[in-house]
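Below: one structure, written as structure tokens.
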Amino acid sequence: MPSCTLEAFRGPAPAAGSPWSAIMLPFFSAPIPSSGHGGPEELVLELRAILAEGRLKPHFQPIVDLGTGKVFGFEGLIRGPSDSVLHSPLNLFKVAAHSGLLVETEAACIRQLAQAYLASGQPHKLFLNVSPGSLSHPAFQALFLDEPGSLGLAPGQVVIELTENQPTHGFDLLRETAERYRARGYALAMDDLGEGFSSLRLWSELRPEFVKIDLHFVQGVSQDPVKLQFLRSLRDIAAGTGAQVVAEGIELEADLAVLQDLGLDLGQGFLLGRPAPVPRPSSYPLHRRAAAGGPAWIRGRHSTAVRLMVEVAAIPPEASTASVELRFAREQELQSIPVVKDGIPVGLIHRPAFLDVMARPFARELYGKRPCKSVMDPCILVVDQLTGLHELSKLIVESDPRHILHGFILTEGGRYAGMGSGHDLMREITQMQITAARHCNPLSGLPGNVPINEHLDDLLAQGEPFVACYCDLDHFKPFNDVHGYRRGDEVIQWLGRLLEAVCEPDLDFVGHIGGDDFMLVLRSPDWERRCQGLLAGFDAGRDRFFSAEEAARGGYPGEDRQRRVVFHPLLSLSIGAVPAPAGTFPTHHEIATAAALAKKEAKRQEGSSLFLERRAR
């Protein structure tokens, strides 16, 4: 949980030997804070007054979709009055723990957060911190289950966020309690994943809809390859269980960029929004997007999992096993049936596995009237329908092989949308690779004119801002005439590698128009620095194609078209850059024209140069 959030909703002080005592008693033994004006008794009286007078201060911190920059939901936080030592959530709950007012305090926090959020009219989800001990307390079951209307919020709008660090026993009770809340329509989230030791078991037992990764693994991830590997692993586990990942503690742009490149779903932290008394629904201006997977030039709005989606009617977990058998008998082509509860995928029933079970002796007597969840496979692969096909293929290859046979579930906004099959995915990947190879430039191996134009049109259709950079070699024809076309081909291939090196693989694009002409399509915020680095790198490396004498003289003699001996300068690189904010250009044709004109202006300058066409802004 971020440092600014509510430290914990703890529940009643546990008795010795209870399932929660091992982890909770050290907290309750912490010293009571001093107000400077009295002892613990005065603080307890002050706490009672705060609760009676409703003076707790709700705050809300946004949770942002890392793909779009839009607010996905808010985490509800609490503070005491600003003029009190109980302003700190840590102090507030320490006093409540020692005074036996924890349940009352926690319930008051929940009520005031819900009332404030309801008054704001926000349609987004509200994340409410609840400790497992309180989750099973009768007072909380009455608040959430027996009288859900008392919160004023629909259960589907509320995410119950459980603190992660739990003892290694008591999971059966917690799982049963959590299922009661989920059955009513509440979603579950695990908080501070990675802070304790029982994280993965708790994740496996509860199957939460959201998993919040502890800020330790988020802060500094751009500089720490070990943290990066941890996040990759957690991301892959989440993809296999259908959970959405929330990265906590985002404070640096560099860390945010890494999280987006990893394809994490949601983010929270001071960079994206600080806690405020009123939830603010404004979007964060993200400069980067999560990687769609695979080379940029064979990705686009058409190369996502939505192309594979087949509409298959889902069934609830309570549907009878007999009805599943009847449906498979009626629909002979049907291979898998998704099991969905309140819009959230929870399992899959695969035809061969199901028929194998039903072929056993007395299977119909044993399973016929039982709910189908008893025969479903809960280990499913769930992906968003906008996941890139290359990323999806990587997930399938790295996960359980049965996903290729059983298929995978596609969601839209976390809710069931349809099914996809491994066979269809492989067919699409193969076709994309064939198409890409057909339009490759044979010399550089880079995409040619067709994929360049398609990539530009994709970005225009998505409203993505970018900068188109037309790159052209100066004095290349005389170089070819004097040094030979084979040496010229080596220059072209070397320049292609330089261009690829300055690109951010999941944001930028490089294509080969033909000859010595290339196109860079840059979405990296530091695109101008990358172009200047490209020019410097070209000038530093070009001498390899010349003799020491030619490099020292800055050129070489050769014949012009009239067969006169003239002095030719060394090769240089000109770049014409055209910024393309959303709505500036209707199609790639206008971009190509503007970029060609900008390139001509760059070539008017001596040596390697960058010309920025500002009139296109």
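The values are calculated or read from the model by the stated rules, or taken from the named source; none is laboratory data. The structure displayed is predicted, hence computed values, not measured ones. Note: ideal-geometry Cβ built from the backbone for every residue, glycine included; neighbour counts use all protein chains shown.
The residue that is nearest to Pro277 (Cα to Cα), counting only those in the range 39-89 that are among the acidic types (Asp, Glu) and without any contact (Cβ under 8 Å) to a residue 24 or more places away in the chain, is Asp83.
Flag: Thr593 does not match the condition of being outside any helix (DSSP H, G or I), surrounded by fewer than 20 Cβ atoms within 10 Å (Cβ to Cβ), free of Cβ contacts under 8 Å to residues at least 40 places away in the same chain and under 37 Å from the mean Cα position of the chain (by Cα). Pairs are defined by a Cβ separation below 8 Å, a sequence spacing of at least 6 or placement on different chains, a first member in the range 93-110 that is at positive phi, and a second member that is outside any helix (DSSP H, G or I); the pairs so defined are Gly100/Pro12; Gly100/Ala13. Could you please let me know if Ala602 is over 24 Å from Arg497 (Cβ atoms), surrounded by 21 or more Cβ atoms within 10 Å (Cβ to Cβ) and aliphatic (A, V, I, L, M)? No, not satisfied.
For Val339, state whether it is out of contact with any His (no Cβ under 8 Å at 6 or more places or on another chain) and either at pLDDT below 90 or among the charged types (D, E, K, R) (or both). Answer is no for this residue. Does the range 417-424 contain any residue that is touching a Cys at 6+ places or on another chain (Cβ under 9 Å) and either over 28 Å from Val258 (Cβ atoms) or surrounded by 18 or more Cβ atoms within 10 Å (Cβ to Cβ) (or both)? The answer is no; no qualifying residue exists.
Residues His59, His137, His98: which one is modelled with pLDDT of 90 or more and surrounded by fewer than 24 Cβ atoms within 10 Å (Cβ to Cβ)?
His59
Kindly indicate whether Arg497 is out of contact with any Lys or Arg (no Cβ under 7 Å at 6 or more places or on another chain), basic (Lys, Arg), free of Cβ contacts under 8 Å to residues at least 40 places away in the same chain and closer than 30 Å to Gln260 by Cβ.
yes
If the condition is being under 17 Å from His137 (Cα atoms) and either modelled with pLDDT of 80 or more or surrounded by fewer than 17 Cβ atoms within 10 Å (Cβ to Cβ) (or both), then the range 151-173 contributes Ile160, Glu161, Leu162, Asp172, Leu173.
Could you list all residues from the range 461-514 that are part of a loop (DSSP other than H, G, I, E, B) and closer than 30 Å to Val566 by Cβ?
His475, Gly484
Among the listed residues Leu573, Leu610, Leu535, identify the single one that is within 14 Å of Leu473 (Cβ to Cβ) and assigned to a strand (DSSP E or B). Only one candidate qualifies: Leu573. Checking each residue in the range 405-427 for being more than 25 Å from Leu264 (Cβ to Cβ) and not basic (Lys, Arg) picks out Leu405, His406, Ser421, His423, Asp424, Met426.
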